[in-house]
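The values are calculated or read from the model by the stated rules, or taken from the named source; none is laboratory data. These numbers come from a predicted model, not from an experiment. Here the Cβ positions follow ideal geometry from the backbone for every residue, glycine too, while neighbour counts run over all protein chains shown.
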C-alpha cells in the first residue's frame with residue numbers, strides 16, 4: 001500500500017520528441033496535453049493574451065493547436081489562489097513508476113484526488129438522439145455495442161469504490177445513456193444503498209419521470225438522493241430535448257419529495273442567452289430544485305478551429321452572462337472555485353484527526369456559489385450577507401492552529417471558532433427564516449451527510465463544471481479530477497480521460513463488456529429504437545399536472 | 001518534533017529585519033493623506049528552511065500550503081513611554097506546493113505564492129520564493145485627522161507568525177521600528 005503522495009519524486013514519462021512551443025503572450029504555467037489528432041502526449045503552455053487564458057501545444061506530426069482555456073485572466077488568477085492538491089490515493093489500482101497521464105488511468109499512483117462522485121453507466125441505450133451527445137449507442141454504426149453491466153458487476157464496482165483509501169467513495173451517479181431504460185434500475189439502486197453508499201444520484205433526461213408518475217416514488221423509496229436532470233433551456237428552441245417533459249418530471253419529483261438538480265449543457269450561440277432564465281426557473285421551483293449545474297460544452301470529435309470558436313464557452317463566460325442576465329443579482333464576485341472549500345475540510349480533519357472528503361479538483365475545472373431567495377423574489381447570493389473569503393481564511397488559519405494543539409486546547413479553539421462563526425454573517429442582510437450560523441455549526445460539529453443535506457435544502461446551489469476535450473485538454477486537470485467512472489474491470493477512471501479519449505477508455509470498455517446491438521435485440525426481443533421517445537408530450541398529450549416552462 | 005529532527009531551534013533564530021520606515025512627508029494638513037512606507041524581511045531559520053527538500057517532504061505529507069501572517073500596528077506616542085495603536089493591518093501570504101508537469105523544471109513539486117491582494121504567481125527559484133513570501137514593502141496610508149493636530153512620534157510593531165509544518169514548528173517573530181516624527185497642522 002502506498003502512503004499518500006509518494007509521487008513527489010515520480011518522473012514524468014519522457015515523450016519521444018519535444019517540439020518548440022511558439023511563445024506569444026505571458027506564460028502563466030507549463031503543463032502537458034495531448035494532440036487532438038493522434039493523442040500524443042505534448043508539452044503545453046497556458047498563457048495570457050488579451051485578458052483571456054489560452055493553451056497552446058505543438059505536435060511534431062500535426063502541428064500547433066491553440067485553444068481558449070479560460071475566458072477571463074482576472075478570474076483565472078483569482079481562482080488559482082485556491083489551488084490545493086489533494087491527499088492522493090493510498091491504494092491505486094494502477095501502480096506506475098513514471099507519470100504518463102492520461103495513458104494509464106485507473107486510478108494510478110499519481111492521481112491526486114480521491115473520488116468525489118463516481119459514475120456508473122448502467123446502460124448506453126437512450127430514448128433520445130441528441131446531435132451533440134457522444135454517449136448513446138447508435139445503431140447501424142460499426143462497433144455499436146449495448147453496454148449494460150450486470151448487477152454483480154455493479155456490486156463489485158461499488159465495493160471497489162468503498163474500498164478507496166484514505167477516503168472511501170460515498171457518492172454515486174447512475175448514468176447512461178438513459179438509466180431509466182434499465183428494467184432492473186430499482187434493484188440496482190437498492191443494492192448500492194445496501195453497500196453503504198450515502199448519496200445516489202440519477203442522471204436522466206426526465207422523459208420517463210414525466211411519463212410515469214410512479215417512477216419518482218419508486219426510485220425515492222429505493223434510495224435515490226436526487227435527480228440530475230438534463231435541462232438546456234427554457235424555450236423549445238434551446239431545449240428541444242425535454243422542454244415539454246421537464247416540468248412534469250419536476251412535478252412528479254416534487255410529489256415524491258426527491259430533489260432535482262438542473263443540468264444545462266451550455267453552448268455559445270445556442271443557449272448561453274438563457275442562463276439567467278434557467279436560474280429564474282430553478283428559483284420558481286426552489287422547493288424542489290436544489291441546484292443548477294451548468295456544463296460548458298465539451299467539443300468532442302474533430303472540429304475545425306472556426307467551429308470551435310463558434311461554440312466554445314468557458315466558465316468565466318458563463319459567470320459573466322449570468323451576471324448580465326440576472327441584472328447583477330448574481331455578480332461575478334459571488335463565485336468561488338470548487339477547491340475553495342478545502343479549508344473547511346482541513347478544519348474538520350484537524351478537529352477529528354481523520355481524513356475527510358475533500359474537493360481538491362483543479363481550480364479551473366469548476367466553480368460555484370449559493371443563492372437564497374428573499375420575500376420579493378430577488379436572488380441573494382451568499383456573498384451578499386456572508387464574508388465568504390474571510391470565513392475561508394479564518395478556517396484555514398484555525399485548521400493550522402488546531403494541528404499544533406492537543407487536549408483541552410483543541411476544544412478551546414473549536415469553541416472559539418463556533419463563537420466567531422456568526423461574525424462572518426451580516427444578520428440584517430440574511431434572508432428571513434434562515435439561520436446560517438446554525439447550519440454552519442451543524443456542518444462543522446456533526447460533519448455528516450445530513451447536515452450538508454439541510455444546507456442544500458435551504459439554498460440553491462449554482463455550479464459550473466467544464467469537462468475537457470482534446471483541444472483544451474490539460475493533464476494537470478486530469479490528474480486532480482474527482483469525478484470518476486467505475487468500470488467492470490475494476491478501474492476508476494477520471495471523467496476527462498474516460499470521455500475525452502474514448503478510444504482508450506469508454507469505447508474500449510463498452511466493447512469489451514458490451515454485446516453487439518443485434519445480439520442484445522435478439523436476447524431481449526425488442527429493437528433499440530423501440531424505446532426512442534417520439535415526443536408524445538410535445539404532440540399534445542398532456543395530463544392535469546403538466547405546466548410548461550413559459 | 002520537527003526541531004528534534006533537524007537538530008535546531010528554528011524559531012529562536014527567525015527574526016525580522018526592518019529595512020526602512022519612512023514617511024513620504026514630514027508635515028501634513030489634517031485633511032491630507034499621509035503615506036508611511038515600511039519595508040522589512042523575515043530572515044533566519046524560517047527563510048532557510050524553505051528548501052526544495054523540505055518543500056518535497058511537506059508535499060509528501062500532504063502539507064501543501066504554508067501561510068505566514070504579518071500583523072503591523074502603527075503606534076503613536078501618547079505619554080513618554082506609552083504608545084497607542086492608530087492603525088492595525090493584517091497581511092496573509094501563502095505558499096502553495098503543487099505537483100507540476102512543467103518539464104523545464106527538474107523537480108515535480110513547485111510553489112505558487114499568493115500575496116495579500118489575492119494575486120498568485122508560480123515562482124521559478126528559491127530566491128524568488130523567499131523574496132515573494134518573506135520580503136515586504138508595505139504602505140500605511142492614513143489621513144492627518146487620524147493622528148490629530150500636533151507633533152507625533154510614530155513607530156511600527158511588526159509581528160510575523162506561522163503554523164506548524166513538517167519542516168518547522170509554529171512560531172513568531174516581532175520587532176519594533178525606530179520612531180519617526182511627523183507634524184500635522
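Odds and ends about this structure:
- Test result for residue A:130, under 20 Å from residue A:298 (Cα atoms), assigned to a loop (DSSP other than H, G, I, E, B), touching a residue at least 40 places away in the same chain (Cβ under 8 Å) and within 11 Å of another protein chain (Cβ to nearest Cβ): no
- Answer from A:496, A:481 - the residue that is touching a strand residue (DSSP E or B) at 6+ places or on another chain (Cβ under 6 Å) and either surrounded by 18 or more Cβ atoms within 10 Å (Cβ to Cβ) or over 26 Å from residue A:260 (Cβ atoms) (or both): A:481
- Residue, nearest to residue B:135 (Cα to Cα), within segment B:27-53, restricted to residues that are in a helix (DSSP H, G or I) and touching a helix residue (DSSP H, G or I) at 6+ places or on another chain (Cβ under 9 Å): B:47
- Residue within segment A:376-389 that is at pLDDT below 95, over 30 Å from residue A:467 (Cα atoms) and within 14 Å of chain B (Cβ to nearest Cβ) present: no
- Of the strands (runs of 3 or more DSSP E) that lie entirely inside segment B:77-172, those containing 2 or more residues that are in contact (Cβ under 8 Å) with a residue 60 or more places away in the chain and either more than 14 Å from chain A (Cβ to nearest Cβ) or surrounded by fewer than 21 Cβ atoms within 10 Å (Cβ to Cβ) (or both) span B:83-99, B:135-143, B:150-162.
- Lone qualifier among A:82, A:69 - being within 14 Å of another protein chain (Cβ to nearest Cβ) and either surrounded by fewer than 20 Cβ atoms within 10 Å (Cβ to Cβ) or under 19 Å from residue B:121 (Cβ atoms) (or both): A:82
- Test: residue in segment A:45-61 that is outside any helix (DSSP H, G or I), more than 13 Å from chain B (Cβ to nearest Cβ), surrounded by fewer than 23 Cβ atoms within 10 Å (Cβ to Cβ) and touching a residue at least 60 places away in the same chain (Cβ under 8 Å): no
- Each residue in segment A:332-371 was checked for being out of contact with any strand residue (DSSP E or B) (no Cβ under 7 Å at 6 or more places or on another chain) and part of a loop (DSSP other than H, G, I, E, B), and 10 of them qualify.
- When A:31, A:15 are screened for being modelled with pLDDT under 75, touching a strand residue (DSSP E or B) at 6+ places or on another chain (Cβ under 6 Å) and within 12 Å of chain B (Cβ to nearest Cβ), only A:15 passes.
- The listed residue being free of Cβ contacts under 8 Å to residues at least 24 places away in the same chain, outside any loop (DSSP other than H, G, I, E, B) and out of contact with any helix residue (DSSP H, G or I) (no Cβ under 8 Å at 6 or more places or on another chain), out of A:416, A:397, A:476: A:397
- Assessment of segment A:63-77 against the conditions (within 21 Å of residue A:494 (Cα to Cα) and more than 23 Å from the chain's Cα centre (by Cα)) yields no matching residue.
- Count - residues of segment B:9-26 that are at pLDDT below 85 and either in contact with a strand residue (DSSP E or B) (Cβ under 8 Å, 6 or more places away or on another chain) or not in a helix (DSSP H, G or I) (or both): 3
- Whichever residue in segment A:298-320 is buried (at least 20 other Cβ atoms within 10 Å of the Cβ) and at pLDDT 95 or above and, among such residues, is nearest to residue A:78 (Cα to Cα): A:316
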